[in-house]
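Please treat every number below as a calculation from the coordinates, not as lab data. Please read all numbers here as calculations on a predicted model, not as lab measurements. Neighbour counts run over all protein chains shown; Cβ positions are idealised from the backbone, glycine included.
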Amino acid sequence: MEARKTKVLLIEDGKEVSHDLKDVLKTMAHEFTMEVTDHLAGGLKVLSEGNFDVVVLDVSCSDQVSDGLSHFLKLREKDASVPVVMLGSREQDKVGSEAVKQGVKDFLVKDELDGRVLLQSIRYASTLKRMEDELTALKAKLVQTEKQLDMIANVDASTQALSRAGLERALEAEYVRAQRGGWNLVAMLIDCDDFDRINRQFGHAVGDVVLRQITERIRETVRPTDHVARMGGDEFLLILPDTRIAEGMLVAEKIRLAVGESPLRLASETVRVTASLGVLALPYEFCSIEEVLSLARLAVRESKLLGKNRVSSGEKNPTLTPSLSPDKAALDELTEKLRKGDCFRAVSMPIFHLSDEKVVGYEILSRGPAGAFEMPDDLFRVSVEHNLLTIVDLRCLKTCLSACSDPKFDQKARFHVNLFPSTIMDTPIDRLMTLFPQETHEGTFCVEISEQQFIGDPAYLKDHVHAIRKRDILVAIDDVGFGRSSLESLIILEPDIVKIDRKYVSGISADPAKARLLKRLVKVVNSIGAELIAEGIECREELELLVEMGVPFGQGWLWGKPA
């Protein structure tokens, strides 16, 4: 197939084409097709009708120097995508220079023109246009690809509702707008009742069809500005901007009726689905989708206990309590306090410079409500069992950070707080950092992550740990020596501080083998340049041996229990 010739428009300056220029153009006929007009108005008309690759604009006979530039600007206004080569006289060098600055691809002196120079100039201009067109097409394709990737990342493929990641972005934006505008945010969790029965009876393909229809019914009930997301399975989470809790309860009731009012029609069957809904007003201090889900699931749990196909705000229902076992009643009390956020308190344990026993910092520890879940092990165990770990961990963090401002503490000292790896993963770092005081100096706070809580390869935490350190907050790996992956954790995460587990400290004065093991661990930590803190110091003999080993900092019951 013969390649398309480059299409050139020659706009003469009110006169016929000169013989010299005709000769030049003839030598180019094998490569270009040429259309000629003898004035600018005609050229502008032809330009709008034809698909030209290059315009050759002759301004050599313009009465004024500025006319040539104005002609070019009119061409660019008509079609800025077509490159222009300008022909002028020797006296028009200034207008040529200005025209090139304005976007003319080349300025040639007409009287000195030869075929080779003009040919090269047109080739250059047409090649440049082709490359710009290809670049524009590639940019358009890139934008489309980015939209598709964004769709894949942020939209649930089955229902076309937002995905978890998509709702996380929407929630972050709505949170900022709510703070700025002073309005309320309401979250609503929709859990389809007994949906496993549909999957078992009709198969997952039919289940997906039913979920799509439920999504449509939800969308038809809410506003275009509300955000609908599928959280997996048959759970949907909605964020309603600028909405009060009473309005949210009304919307939830409408959704409940829309979902369960009439059967969903399939090819040969009709399926009736109901839903239990939980509604809550979001506090400004929430941090992540996981925290919102934890609170909303408590509300849905109330709806399920009341008989399903109901709406609940999650407020404590006294009619449920008598039928619950003592453990259930205790859990109910805990979850109620979690909603209010007033069930935690903070205690502290000083960190000492071992050689002179001066206080250099404080580890701020959390305690749960008095009773069965007061101690951290019990509190976090029940939190894990009931999918409340992230919200409990964040509430504990807030409590501990608030306690740091107590006048009893030396405000020049460093404050250590604890976080679970799962909380760090579930909570956007920018949101997590809003919990810390804004006027934070480098090294004022340290986040401790327990090695006991790592799951598999700790590399999944690397980016999050580095993001925390970039905010001038130190990172410590706690309980080092507990598991087999200690060395791997230290190399991958590059912590600022390493805390040696009490298991390797307690009893070292009476057990030479344990002391030798600790010496080796100290050498490893020193080799990576991290600060070293020994936990679990209980007697003077242990303190003296640690100082002899070169361990600079420590804490333990030698100086008293957390208080």
In units of 2.2 N^0.38 Å, the Cα radius of gyration of the stretch 335-559 is 1.00
So if R0 is 30 Å, what FRET efficiency would residue 514 and residue 387 give, r being the distance between their Cβ atoms, rounded to the nearest 0.05?
-> 0.15
Taking H as built 1.01 Å from N, whose amide H comes closer than 5 Å to the amide H of residue 361, not counting residues under 5 places away?
-> 351, 414
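Return 440, 159 ranked ascending by Cβ neighbour count within 10 Å, so the fewest neighbours appear first. Provide the component values of the computation, followed by the final result.
Working: 440 14, 159 21.
The fewest-first ordering by Cβ neighbours comes to 440, 159.
For the chain, give the share of DSSP beta bridges that are antiparallel, in percent and rounded to the nearest 5; count only bridges with both residues there.
Working: 33 of 75 bridges.
Once the DSSP bridges in the chain are tallied, antiparallel ones form about 45 percent.
Ignoring everything except DSSP H segments at least 4 long, calculate the 222 nm mean residue ellipticity for the chain; use -39,500 (n - 2.57) per segment, divide by total residues, nearest 500. Please report the intermediate quantities before stating the final value.
Working: 19 runs with 253 residues, N = 563.
Theoretical 222 nm ellipticity from helices: -14500 deg cm²/dmol.
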Enumerate by residue number the chymotrypsin sites (Phe, Trp or Tyr not before Pro) in the stretch 116-211 meeting two conditions: DSSP loop (anything except H, G, I, E, B), and at most 15 other Cβ atoms within 10 Å of the site's Cβ.
-> 183
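Membrane-span-like helices in the chain: DSSP H runs reaching 27 Å or more (Cα, own axis), mean Kyte hydropathy at least -1.0? Please report the intermediate quantities before stating the final value.
Numbers: long enough: 115-154 (57 Å, -0.28).
Once both thresholds are applied, what remains is 115-154.
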The answer for residue 264, listing residues at least 5 apart or on another chain whose modeled amide H is closer than 5 Å to its amide H, is 271, 272, 273
What is the chain's relative contact order, in percent, from Cα pairs under 8 angstrom and six or more apart in sequence?
-> 7
Among 129-142, 463-476, 514-527, what's the highest-first ranking by average C-beta atoms within 10 angstrom per residue?
-> 463-476, 514-527, 129-142
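Please compute the length gained on full extension between residue 225 and residue 430, using 0.36 nm multiplied by the number of residues separating them and subtracting their Cα-Cα distance. Spell out each step's value before the answer.
Details: separation 205, 0.36 × 205 = 73.80 nm, distance 2.42 nm.
Using 0.36 nm per residue and subtracting the Cα-Cα distance, I get 71.4 nm.
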Honestly the stretch 75-153 on the Cα gyration tensor test (a ≥ b ≥ c root eigenvalues; a/c under 1.5 rounded, otherwise a/b vs b/c for prolate or oblate) is just prolate
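Is the shape of the stretch 391-456 best called rounded, prolate or oblate, per the rule: a/c under 1.5 gives rounded, else a/b larger than b/c gives prolate, else oblate, with a ≥ b ≥ c the square roots of the Cα gyration tensor eigenvalues?
On the way: a/c = 1.93, a/b = 1.68, b/c = 1.15.
Prolate shape, in that a/c is at least 1.5 and a/b is the bigger ratio.
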Roughly how many Å is it from the Cα centre of the stretch 361-402 to that of the stretch 172-198, as a whole number?
-> 25
For residue 235, distant residues with modelled amide H under 5 Å away = none
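Suppose the chain between residue 7 and residue 35 were pulled fully straight at 0.36 nm per residue; how much longer would it get relative to their current alpha carbon spacing?
Numbers: separation 28, 0.36 × 28 = 10.08 nm, distance 0.80 nm.
Gain on extension, residue 7 to residue 35, equals 9.3 nm.
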Between residue 353 and residue 119, what is the spin-label point distance in nm, taking each point 7 Å from the Cα along the Cα→C-beta axis?
-> 8.3
When the label point is put 7 Å from the Cα of residue 109 along its Cα-to-beta-carbon vector, which residues of the stretch 66-97 have a backbone N closer than 15 Å?
-> 87-97
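Can you tell me the equivalent ellipsoid semi-axes for the chain? Use √(5λ) from the Cα gyration tensor, largest first, whole Å. Walk me through the intermediate numbers first.
Working: eigenvalues 930, 303, 85 Å².
The three semi-axes for the chain are 68, 39, 21 Å.
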Computed from the beta carbon distance with a Förster radius of 41 Å, FRET efficiency for residue 134 and residue 177 to the nearest 0.05 stands at 0.55
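Rounded, prolate or oblate: pick one for the stretch 164-315, where a ≥ b ≥ c are the square roots of the eigenvalues of its C-alpha gyration tensor, a/c under 1.5 means rounded, and failing that, prolate if a/b is larger than b/c, else oblate.
Working: a/c = 1.97, a/b = 1.77, b/c = 1.12.
The shape class here is prolate.
Find the relative contact order for the stretch 422-563 and round it to a whole percent, using C-alpha pairs within less than 8 Å whose residues are 6+ positions apart.
On the way: 194 pairs, mean separation 25.8, N = 142.
Rounded, it is 18 percent for the stretch 422-563.
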Over all alpha-carbon pairs in the stretch 201-256, figure out the percentage whose distance exceeds 14 Å.
-> 58
Points 7 angstrom from Cα along the Cβ direction at residue 46 and residue 306: gap in nanometres?
-> 8.0
